[in-house]
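J.: Below you'll find the structure I mean.
Read-outs throughout are calculated quantities, based only on the coordinates presented, and are distinct from any laboratory measurement. If you're wondering where the values come from, they're calculated on a predicted model, not measured in any experiment. All Cβ positions, even for glycine, are placed from backbone atoms using ideal geometry, and neighbour counts span all protein chains on display.
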Amino acid sequence: MKITVIGGTGLIGSKLVNSLKNSEHEVLAASPNKGVNTLTGEGLDQALEHADVVVDVANSPSFADEDVMNFFKTSGENIIAAEKKAGVSHHIALSVVGTTRLQDSGYFRAKKIQEDIIKSSGIPYTIVHSTQFFEFVGGIVHSSTIDNKIIVSPALIQPIASDDVVTALTAITIGEPKNTTVEIGGPDKIKLSDLVKKYTTIMKNKDEVISDPDATYFGAPLDDSTLIPNNNAKLGTIHYDEWISNPENQR
Ligand SMILES: NC(=O)c1ccc[n+]([C@@H]2O[C@H](COP(=O)([O-])OP(=O)(O)OC[C@H]3O[C@@H](n4cnc5c(N)ncnc54)[C@H](OP(=O)(O)O)[C@@H]3O)[C@@H](O)[C@H]2O)c1
């Protein structure tokens, strides 16, 4: 089986490509750095030639509302058109737990469009909703910092290590299409404000962490259920405390 990983050079993509190379399958990493651009279509048909399975773990280089919408809509349409030509029999995409609950955010409106394009494509698919990656806590801190204050919600979050995401994605990639959305998350629920405090303490970031129930997450309000996966979610095994105490993860 040939598997093309769109975004195969990114955080999840590069680990997924390595993981799949341990199977008996042929794996191709496709991204602009490899001459494949889903926005312009450059190299896309060649990357999908003879592909049985496509995994889309690409992300928009810009999170500005218009850019991210253009990225996921145009890329999504281009990928599906190329898959139809190539006769791809399983499309897998990585999206985010709570996407439909986060529609006040431009990023999540774009992820929903990405999902809608897949669902209406007619190509067998599995959409994987993941909670936030441990590696993304720094990005949350960055986006929540104003004048040396980090203002974040105390709503619950259930973050997951990228290695646990890749374990789940590997099994889904070599499995049968589910034609629905499956959810994955980390082993522990924690208040977002407490998670951010753990991160800033380890990273020696002296900015004050302010817990504010009205603080939004990339523009969307949160409650204790917004970012939490459903009861059927497959949970990872790596705990944040052990992960962040590894100096390799303190970047
Ligand atoms: N961050 C989170 O907590 C979280 C949680 C749940 C789900 N997700 C989803 O997980 C996915 C992967 O995230 P990530 O953090 O692994 O991403 P990432 O590290 O930012 O990697 C992005 C990848 O997208 C590729 N890319 C960018 N522009 C492209 C284009 N025009 N055509 C083709 N590929 C392009 C990049 O290629 P180059 O290296 O060549 O530039 C790179 O391989 C995203 O879809 C995101 O929505 C994220």
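J.: Given the pairs Lys2/Lys178; Lys21/Lys73; Lys34/Lys119; Lys111/Lys197; Lys2/Lys34, which span a C-alpha to C-alpha distance of over 26 angstrom in this model?
T.: Checking Cα-Cα distances, Lys21/Lys73; Lys34/Lys119; Lys111/Lys197 exceed 26 Å.
J.: Taking the Cα centre of region 183-251 as origin, sum charge times position over the Cβ atoms of Lys and Arg (+1) and Asp and Glu (-1), and report the length of that vector in debye to the nearest 20.
T.: Value, rounded to 20: 240 debye.
J.: Once each part is reduced to its C-alpha centroid, what is the distance from region 192-230 to region 152-167 in angstrom?
T.: 12
J.: Normalising by the residue count of the chain, find the relative contact order in percent from Cα pairs under 8 Å and 6+ residues apart.
T.: With pairs under 8 Å counted, the relative contact order is 19 percent.
J.: Considering amide H positions built from the backbone, and no H for Pro or chain starts, which residues 5 or more places from Glu183, or on another chain, come under 5 Å of its amide H?
T.: His129, Lys234
J.: While we're on this one: Could you give the nm distance between label points at Ser23 and Glu248, where each point is 7 Å from its Cα heading toward the beta carbon?
T.: Result for the modelled spin labels: 2.4 nm.
J.: So what's the back-of-envelope 222 nm ellipticity for the chain, counting only DSSP H runs of four-plus at -39500 (n - 2.57) apiece and dividing by all residues, rounded to 500?
T.: -10500 deg cm²/dmol
J.: When the dipole is taken about the Cα centre of region 99-224, and only Lys, Arg (+1) and Asp, Glu (-1) are charged at their Cβ, what size is it in debye, to the nearest 20?
T.: Once rounded to the nearest 20, the dipole reads 120 debye.
J.: Relative to the longest principal axis of the chain, what angle (0 to 90°, nearest 10) does the C-alpha long axis of helix 65-86 take?
T.: 30
J.: Additional query: Could you give the Stokes-Einstein D for region 88-165 in µm² per second, using the C-alpha Kirkwood radius, 4 °C, 1.567 mPa s?
T.: Approximately 90 µm²/s, per Stokes-Einstein.
J.: Return the sequence-ordered ³J(HN,Hα) values of region 184-195 in whole Hz as given by the Karplus equation 6.51 cos²θ - 1.76 cosθ + 1.60 applied to θ = phi - 60°, using x for Gly and Pro.
T.: Once rounded to whole Hz, the list reads 9, x, x, x, 10, 9, 8, 5, 4, 5, 6, 4.
J.: Let me ask something additional. In whole Hz and in residue order, list the ³J(HN,Hα) couplings for region 163-168 that follow from phi through the Karplus curve 6.51 cos²θ - 1.76 cosθ + 1.60, θ = phi - 60°; x for Gly and Pro.
T.: 5, 5, 4, 5, 4, 5
J.: Please list 3J(HN,Hα) in residue order for region 18-23, calculated via the Karplus relation 6.51 cos²θ - 1.76 cosθ + 1.60 where θ = phi - 60°; whole Hz, with x for glycine and proline.
T.: For region 18-23, the Karplus-derived couplings read 4, 5, 6, 5, 6, 8 Hz, x marking Gly and Pro.
J.: Rounded to two decimal places and with Rh computed the Kirkwood way over Cα pairs, what is Rg over Rh for the chain?
T.: Using Cα coordinates only, the ratio equals 0.97.
J.: Here's a follow-up. Tell me the relative contact order for region 1-149 as a rounded percent, counting alpha carbon contacts under 8 Å between residues six or more apart.
T.: Across region 1-149, relative contact order equals 21 percent.
J.: So in region 95-183, what percent of DSSP beta bridges are antiparallel if you round to the nearest 5?
T.: DSSP beta bridges in region 95-183 are roughly 25 percent antiparallel.
J.: As I understand it, the dipole of region 174-238 uses +1 on the Cβ of Lys and Arg and -1 on the Cβ of Asp and Glu, about the Cα centre. Which of Val196, Ile210, Asn179 lies farthest toward its positive end?
T.: Val196
J.: Output the peptides 20-28, 202-210, 157-165 sorted from most to least packed, where packing is the average of other Cβ atoms within 10 Å over each peptide's residues.
T.: My ranking of the peptides, most packed first, is 157-165, 20-28, 202-210.
J.: Tell me, what is the percent relative contact order of region 1-46, built from C-alpha pairs under 8 Å that lie six or more residues apart?
T.: Relative contact order, region 1-46: 36 percent.
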